Amino acid sequence: MKKLIFFGILIGIFAKIFIFDFLKISGTSMYPTLKSENRIVINKAAFGLQNPFTKNYMLKWSKPKKNDIVTFLHQDKIVIKRCVLTEKDSLEFLIDSGYYLIIDKKKIPLSEVQYLNLSKTTEVPKGFIFVLGDNFLNSVDSRDYGFVSIKSIKGKALIHE
(Lines give C-alpha, C1' and ligand atoms only; values in the text may rest on other atoms or scores of the structure.)
Protein backbone atom coordinates (compact mmCIF):
# COMPACT_ATOMS: atom_id res chain seq x y z
CA MET A 1 0.00 0.00 0.00
CA LYS A 2 2.85 2.43 0.85
CA LYS A 3 4.50 1.70 -2.51
CA LEU A 4 1.23 2.43 -4.31
CA ILE A 5 0.82 5.78 -2.52
CA PHE A 6 4.47 6.67 -3.20
CA PHE A 7 4.07 5.74 -6.88
CA GLY A 8 0.87 7.82 -7.10
CA ILE A 9 2.65 10.83 -5.59
CA LEU A 10 5.51 10.46 -8.08
CA ILE A 11 3.07 10.33 -11.01
CA GLY A 12 1.30 13.44 -9.67
CA ILE A 13 4.58 15.36 -9.35
CA PHE A 14 5.65 14.32 -12.85
CA ALA A 15 2.27 15.39 -14.30
CA LYS A 16 2.42 18.78 -12.54
CA ILE A 17 5.99 19.47 -13.70
CA PHE A 18 5.69 18.26 -17.31
CA ILE A 19 2.05 17.71 -18.35
CA PHE A 20 -0.63 19.87 -16.69
CA ASP A 21 -0.94 23.06 -14.73
CA PHE A 22 -3.91 24.78 -13.17
CA LEU A 23 -4.25 28.56 -13.30
CA LYS A 24 -6.65 31.15 -12.01
CA ILE A 25 -7.35 34.03 -14.40
CA SER A 26 -6.62 37.52 -13.13
CA GLY A 27 -7.77 40.44 -15.26
CA THR A 28 -10.07 41.05 -18.20
CA SER A 29 -7.76 40.91 -21.23
CA MET A 30 -9.22 37.58 -22.40
CA TYR A 31 -12.87 38.49 -21.72
CA PRO A 32 -15.39 37.12 -22.73
CA THR A 33 -13.57 33.82 -23.39
CA LEU A 34 -11.90 33.84 -19.98
CA LYS A 35 -13.25 35.87 -17.11
CA SER A 36 -11.34 37.03 -14.07
CA GLU A 37 -11.37 34.32 -11.38
CA ASN A 38 -11.97 31.52 -13.95
CA ARG A 39 -9.87 28.44 -13.34
CA ILE A 40 -8.28 26.78 -16.34
CA VAL A 41 -6.25 23.68 -17.14
CA ILE A 42 -3.06 24.20 -19.14
CA ASN A 43 -1.55 21.42 -21.25
CA LYS A 44 2.16 22.02 -20.69
CA ALA A 45 3.02 19.23 -23.15
CA ALA A 46 0.93 20.59 -26.05
CA PHE A 47 3.99 21.70 -27.99
CA GLY A 48 6.69 19.52 -26.51
CA LEU A 49 8.38 18.42 -23.32
CA GLN A 50 10.00 21.39 -21.60
CA ASN A 51 12.90 21.47 -19.24
CA PRO A 52 11.16 22.95 -16.16
CA PHE A 53 14.27 24.92 -15.18
CA THR A 54 14.96 26.65 -18.51
CA LYS A 55 13.05 28.08 -21.49
CA ASN A 56 14.25 25.20 -23.66
CA TYR A 57 12.34 22.17 -24.86
CA MET A 58 13.86 18.73 -24.34
CA LEU A 59 11.59 17.41 -27.11
CA LYS A 60 9.46 19.52 -29.45
CA TRP A 61 6.60 18.12 -31.53
CA SER A 62 4.36 21.06 -32.38
CA LYS A 63 4.11 24.84 -32.58
CA PRO A 64 1.25 27.13 -31.57
CA LYS A 65 -1.41 27.56 -34.22
CA LYS A 66 -3.77 30.43 -34.91
CA ASN A 67 -6.50 30.68 -32.26
CA ASP A 68 -4.63 28.60 -29.68
CA ILE A 69 -4.88 30.16 -26.24
CA VAL A 70 -1.34 30.00 -24.90
CA THR A 71 0.49 30.79 -21.70
CA PHE A 72 3.97 32.23 -21.67
CA LEU A 73 6.37 34.13 -19.49
CA HIS A 74 6.59 37.89 -19.89
CA GLN A 75 8.69 39.81 -17.38
CA ASP A 76 8.68 36.75 -15.10
CA LYS A 77 4.87 36.62 -15.02
CA ILE A 78 2.63 33.97 -16.56
CA VAL A 79 0.48 35.59 -19.25
CA ILE A 80 -2.40 34.07 -21.21
CA LYS A 81 -3.35 35.33 -24.69
CA ARG A 82 -4.63 34.10 -28.04
CA CYS A 83 -2.18 33.32 -30.83
CA VAL A 84 -3.44 35.32 -33.83
CA LEU A 85 -0.41 35.17 -36.14
CA THR A 86 2.32 32.55 -36.45
CA GLU A 87 5.82 32.72 -37.86
CA LYS A 88 6.05 34.06 -41.41
CA ASP A 89 2.44 35.43 -41.33
CA SER A 90 2.28 38.89 -42.89
CA LEU A 91 1.48 42.02 -40.92
CA GLU A 92 -1.07 44.24 -42.65
CA PHE A 93 -1.61 47.80 -41.48
CA LEU A 94 -4.26 50.42 -42.19
CA ILE A 95 -4.04 54.14 -41.50
CA ASP A 96 -7.56 55.55 -41.60
CA SER A 97 -8.36 58.18 -38.96
CA GLY A 98 -6.18 56.05 -36.70
CA TYR A 99 -3.71 53.18 -36.83
CA TYR A 100 -4.88 49.59 -37.25
CA LEU A 101 -3.50 46.12 -37.66
CA ILE A 102 -5.70 43.96 -39.89
CA ILE A 103 -6.05 40.36 -38.69
CA ASP A 104 -8.62 38.08 -40.33
CA LYS A 105 -10.42 41.16 -41.71
CA LYS A 106 -10.70 42.66 -38.19
CA LYS A 107 -9.35 46.14 -37.52
CA ILE A 108 -7.25 45.95 -34.35
CA PRO A 109 -6.59 49.47 -33.03
CA LEU A 110 -3.00 50.58 -32.49
CA SER A 111 -1.59 53.63 -30.78
CA GLU A 112 0.90 55.65 -32.79
CA VAL A 113 3.75 54.18 -30.72
CA GLN A 114 2.49 50.62 -31.28
CA TYR A 115 2.18 51.29 -35.00
CA LEU A 116 5.67 52.77 -35.24
CA ASN A 117 7.17 49.80 -33.38
CA LEU A 118 5.30 47.13 -35.37
CA SER A 119 5.45 48.71 -38.81
CA LYS A 120 9.21 48.16 -38.93
CA THR A 121 8.56 44.53 -39.89
CA THR A 122 6.36 42.96 -42.54
CA GLU A 123 5.97 39.48 -41.10
CA VAL A 124 6.17 37.52 -37.86
CA PRO A 125 9.80 36.41 -37.45
CA LYS A 126 10.75 32.72 -37.46
CA GLY A 127 10.48 31.25 -33.95
CA PHE A 128 7.87 33.79 -32.80
CA ILE A 129 4.11 34.32 -32.66
CA PHE A 130 1.88 37.39 -32.31
CA VAL A 131 -0.66 37.31 -29.48
CA LEU A 132 -3.69 39.41 -28.56
CA GLY A 133 -6.11 39.44 -25.70
CA ASP A 134 -9.67 38.67 -26.82
CA ASN A 135 -10.66 41.94 -25.15
CA PHE A 136 -8.09 43.76 -27.28
CA LEU A 137 -9.36 47.21 -26.27
CA ASN A 138 -8.24 46.44 -22.68
CA SER A 139 -5.25 44.18 -23.25
CA VAL A 140 -1.50 44.54 -23.03
CA ASP A 141 -0.20 42.13 -25.65
CA SER A 142 2.09 41.84 -28.69
CA ARG A 143 1.05 45.32 -29.76
CA ASP A 144 2.91 46.54 -26.68
CA TYR A 145 5.71 44.05 -26.02
CA GLY A 146 6.23 42.67 -29.50
CA PHE A 147 6.42 39.15 -30.79
CA VAL A 148 6.46 36.23 -28.34
CA SER A 149 9.22 33.65 -28.63
CA ILE A 150 7.94 30.13 -29.10
CA LYS A 151 10.57 29.11 -26.54
CA SER A 152 8.75 31.11 -23.88
CA ILE A 153 5.41 29.32 -24.47
CA LYS A 154 4.56 27.32 -21.36
CA GLY A 155 1.41 25.60 -22.58
CA LYS A 156 -2.00 25.68 -24.20
CA ALA A 157 -5.30 26.26 -22.41
CA LEU A 158 -7.45 23.15 -22.46
CA ILE A 159 -10.39 23.63 -20.16
CA HIS A 160 -11.94 26.71 -18.72
CA GLU A 161 -15.11 27.23 -16.74
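The values are calculated or read from the model by the stated rules, or taken from the named source; none is laboratory data. All values reported here derive from a predicted model rather than from experimental measurement. With ideal geometry, Cβ positions are generated from the backbone for all residues, glycine too; neighbour counts draw on all protein chains shown. With ligands, DNA and RNA removed, areas are computed over all heavy atoms of the protein, side chains included. Shrake-Rupley method; radii C 1.70, N 1.55, O 1.52, S 1.80 Å.
Tell me the residue from 73, 34, 23 that is in a strand (DSSP E or B), open to solvent by less than 50 Å² (accessible area, probe 1.4 Å), within 30 Å of residue 88 (Cβ to Cβ) and not acidic (Asp, Glu), please. I'd like the intermediate steps shown before the answer.
Details: 73 fails: open to solvent by less than 50 Å² (accessible area, probe 1.4 Å); 34 fails: in a strand (DSSP E or B).
Just a single option satisfies the conditions, and that option is 23.
Would you point out the residue of the stretch 92-110, among those that are buried (at least 17 other Cβ atoms within 10 Å of the Cβ) and either of a type outside the set (A, V, I, L, M, F, W, C) or within 16 Å of residue 128 (Cβ to Cβ) (or both), that is nearest to the chain's Cα centre (by Cα)? Let's see the steps before the verdict.
Initial filter on the stretch 92-110 (buried (at least 17 other Cβ atoms within 10 Å of the Cβ)): 99-101, 103, 108, 110.
Now drop any that are not either of a type outside the set (A, V, I, L, M, F, W, C) or within 16 Å of residue 128 (Cβ to Cβ) (or both), which leaves 99-101, 103.
Values: 99: 24, 100: 21, 101: 19, 103: 17 Å.
Checking each candidate, the answer is 103.
Just checking, how many residues over the stretch 119-161 are more than 18 Å from residue 69 (Cα to Cα), modelled with pLDDT under 95 and not charged (D, E, K, R)?
3
Is there a residue in the stretch 54-65 that is in contact (Cβ under 8 Å) with a residue 40 or more places away in the chain, charged (D, E, K, R), surrounded by 11 or more Cβ atoms within 10 Å (Cβ to Cβ) and in a strand (DSSP E or B)?
Keep residues of the stretch 54-65 that are in contact (Cβ under 8 Å) with a residue 40 or more places away in the chain, which gives 55-57, 63-64.
From what's left, charged (D, E, K, R): 55, 63.
Narrowing further to those that are surrounded by 11 or more Cβ atoms within 10 Å (Cβ to Cβ): 55, 63.
Applying the additional criterion that residues be in a strand (DSSP E or B) yields none.
For the stretch 54-65, residues in contact (Cβ under 8 Å) with a residue 40 or more places away in the chain, charged (D, E, K, R), surrounded by 11 or more Cβ atoms within 10 Å (Cβ to Cβ) and in a strand (DSSP E or B): absent.
Restricted to the stretch 1-50, and to residues that are touching a residue at least 60 places away in the same chain (Cβ under 8 Å) and of a type in the set (Lys, Arg), which residue is nearest to residue 140 (Cα to Cα)?
My answer is 39.
Which of the residues spanning the stretch 80-120 are touching a residue at least 12 places away in the same chain (Cβ under 8 Å), in a strand (DSSP E or B) and within 30 Å of residue 43 (Cβ to Cβ)?
Across the stretch 80-120, the qualifying residues are 80, 81, 82, 83, 84, 85, 90, 101, 103, 108.
To keep it simple, each residue is scored yes or no on (1) under 30 Å from residue 56 (Cβ atoms); (2) of a type outside the set (A, V, I, L, M).
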position: 84; (1), (2): yes, no
position: 89; (1), (2): yes, yes
position: 93; (1), (2): no, yes
position: 96; (1), (2): no, yes
position: 101; (1), (2): no, no
position: 105; (1), (2): no, yes
position: 133; (1), (2): yes, yes
position: 146; (1), (2): yes, yes
